[in-house]
Structure formats: structure tokens, C-alpha cells
Amino acid sequence: SPASYDFIVPLHMRILMVCLGNICRSPLADGLLRHLVQKNGLEWVVDSAGTANYHIGSPPDERMVATAKKHGVSLSSLKARQFTPADFTQFDRIYVMDRSNYKNVLHHAKTASERDKVHFLLDHLYPNLQKEVPDPYYGSQEGFDEVFYLVEKAVNQLLKDLSHG
């Protein structure tokens, strides 16, 4: 049954999560938000992309898939794709995981309104600090677990922050 909130969640929202390769952090944020959206009966569009083209068409990193699955979140339907300038038209908000992603996404922005759509995901936990979600790719399982808990907290806060009331 849907969670009951003491605020009103907008019914329609289009959100894009962005990291470097779109196989660890952004698919996790994408999967976690999709999970919450579905659980709460919202009609949000959630997607993810990478700023680099290394992994186009690949599934998320198996370590991230296993970490998410352990917590009841499936990433199995996701495939990596590259961020394109058209994403500014397709999405209301674009969340980046680190400063490099931020710079790369802004490089494609042509207008102030496009630039205004780009935010650091962790600004929902640490407003205006531009804190980065660490990339767990070259680390141990512990890094994947840490990223899971950090992104889960941020995505839950995002849902509250984008809601009214």
C-alpha cells in the first residue's frame, strides 16, 4: 500500500539521474526513485544517463545490481545510455552525482532555463554544498553499500523536497 505522507507529491515529474558511465551511481538513483514512485502510485518518468559513452547498452554493474537487490530494488531493466542535449527538453530536473558530471552536463546547456534544471543529487541532503556521490566502481563491496545508503537517503529527501505542503 502507498506510504502516507503529510505533504502532497506532484503527480507528474520527469527526472534524469546522471553519472559518468551510467552503470553504478545513476542507475542506482534511477532504480531507487522508480521504486519509490511505483510504491507511491506516482506517474513520474525517471531515467538515467552517463556523460561518457563507455557503456552504452550495457546493464548496470553487477555489484550495484546485487547491492540494490539485497534491499528489494531491481535495476535489471536498466541499460546505459549517454546524456544528450535533448535531455534538457525531456526532463524537468537533471541530477548529477559529482562535479565532473555537473560540468559535462552544463557544457550542453544552451539557456539559463536548461542550466537551472541541473542539480547535485546530494544537495537534497546537504543544501548548496555540491557534495559528490563517491564512485564505487574501483573499490570494494563496502563502497557499493555506502553509496546505496547515501543515494537512498538523498532520493527519499528528493521526494519530500519536490513535494508540497
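The values are calculated or read from the model by the stated rules, or taken from the named source; none is laboratory data. Predicted model, so just to flag it, every value in this text is computed and none were measured. Glycine also receives a Cβ, built like all others from the backbone with ideal geometry; neighbour counts cover every protein chain displayed. For the accessible areas, the whole protein counts, side chains as well, though only heavy atoms, and no ligand, DNA or RNA atoms are used. Shrake-Rupley method; radii C 1.70, N 1.55, O 1.52, S 1.80 Å.
If GLY21 meets every condition in (1) part of a loop (DSSP other than H, G, I, E, B); (2) open to solvent by 30 Å² or more (accessible area, probe 1.4 Å) apart from one, which number is that one?
(2)
This table checks each residue for (1) closer than 28 Å to ASN40 by Cα; (2) in contact with a Phe, Trp or Tyr (Cβ under 6 Å, 6 or more places away or on another chain); (3) not hydrophobic (A, V, I, L, M, F, W, C).
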{"site": "ASN101", "(1), (2), (3)": "no, no, yes"}
{"site": "LYS110", "(1), (2), (3)": "no, no, yes"}
{"site": "LYS117", "(1), (2), (3)": "yes, no, yes"}
{"site": "LEU122", "(1), (2), (3)": "yes, no, no"}
{"site": "SER140", "(1), (2), (3)": "no, no, yes"}
{"site": "GLU146", "(1), (2), (3)": "yes, no, yes"}
{"site": "LEU150", "(1), (2), (3)": "yes, no, no"}
{"site": "LEU158", "(1), (2), (3)": "yes, no, no"}
{"site": "SER163", "(1), (2), (3)": "yes, yes, yes"}
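Within region 121-141, take every residue that is closer than 18 Å to ILE23 by Cα and crowded, with 17+ Cβ neighbours inside 10 Å and give me the one that is nearest to the chain's Cα centre (by Cα).
Selected residue: LEU121.
Within 21 Å of MET13 (Cα to Cα) and either out of contact with any helix residue (DSSP H, G or I) (no Cβ under 9 Å at 6 or more places or on another chain) or among the basic types (Lys, Arg) (or both), is that true of ALA86?
Yes; evaluated as a whole, the condition is true for this residue.
Specify which of the listed residues (VAL96, VAL118, VAL73, VAL105) is surrounded by 17 or more Cβ atoms within 10 Å (Cβ to Cβ), out of contact with any helix residue (DSSP H, G or I) (no Cβ under 8 Å at 6 or more places or on another chain) and not hydroxyl-bearing (Ser, Thr, Tyr).
Going through VAL96, VAL118, VAL73, VAL105 in turn, the sole match is VAL105.
Filter region 147-163 down to residues that are out of contact with any Leu (no Cβ under 8 Å at 6 or more places or on another chain) and in a helix (DSSP H, G or I) and give me whichever is nearest to PRO134 (Cα to Cα).
This residue is TYR149.
Filter region 1-18 down to the residues that are modelled with pLDDT under 90 and either open to solvent by less than 30 Å² (accessible area, probe 1.4 Å) or under 28 Å from GLU146 (Cβ atoms) (or both) and list them by number.
ALA3, TYR5, VAL9, PRO10
List pairs: first in region 1-22 and of a type in the set (Lys, Arg), second at pLDDT 65 or above, Cβ under 9 Å, 6+ apart or cross-chain?
As it stands, the answer is ARG14/TRP44; ARG14/VAL45; ARG14/VAL46; ARG14/ASP47; ARG14/GLN90; ARG14/PHE91; ARG14/ASP92; ARG14/ARG93, since those pairs meet every condition given.
Being surrounded by 20 or more Cβ atoms within 10 Å (Cβ to Cβ) and under 14 Å from ASP30 (Cβ atoms) is true for just one of PHE144, PHE83. Which residue is that?
Answer to the check: PHE83.
Only one of VAL155, VAL96, VAL147, VAL105 is closer than 25 Å to ALA52 by Cβ, of a type outside the set (S, T, N, Q) and in contact with a Lys or Arg (Cβ under 8 Å, 6 or more places away or on another chain). Can you tell me which?
Unique residue meeting the criteria: VAL147.
Any idea which of (1) touching a residue at least 24 places away in the same chain (Cβ under 8 Å); (2) touching a Ser or Thr at 6+ places or on another chain (Cβ under 9 Å) is the one LYS69 doesn't satisfy?
LYS69 satisfies all of (1) touching a residue at least 24 places away in the same chain (Cβ under 8 Å); (2) touching a Ser or Thr at 6+ places or on another chain (Cβ under 9 Å) except (1).
Check whether at least one residue in region 138-148 is within 26 Å of SER163 (Cβ to Cβ), at pLDDT 95 or above and not polar (S, T, N, Q), and report yes or no.
yes
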